[in-house]
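What follows is one structure encoded as structure tokens, with my remarks underneath.
Rule-based calculations on the coordinates, nothing more; no lab input. Just so it is clear, the structure is predicted and the values come from calculations on it, not from any experiment.
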Amino acid sequence: MASDKDKIMHGLRFMAIALPLIFSGPALYVALGLPAAQSGNYLWMVISILLMLVAVFFTVKGLRTVLKGFFND
């Protein structure tokens with residue numbers, strides 16, 4: 001059973017996009033979101049939560065694509 005290297009590389013690209021978001025989302029939440037929320041401004045909190053959700057999306061999409069490349073699905 002041969003694997004599809006193009007699909008695997010495409011999935012790894014998705015996970016490479018997600019990697020900086022995995023760290024920047026929680027960092028923005030702690031550094032800017034929580035202090036701003038205490039003063040009534042929720043913009044940074046919403047932005048950081050959206051970054052975290054996008055990171056989860058790209059990670060799952062990349063992992064699914066890599067697995068499809070391995071198992072020729």
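A few points about this structure:
- Calculated P(r) tail over 16 Å for the chain, as whole % of Cα pairs: 54
- ³J(HN,Hα), Karplus 6.51/-1.76/1.60, whole Hz, each residue of region 12-26, x for Gly, Pro: 5, 5, 4, 6, 5, 5, 6, 4, x, 6, 4, 8, 6, x, x
- Gaussian network model of the chain, Cα within-10 Å springs - most flexible of 40, 11, 25: 40
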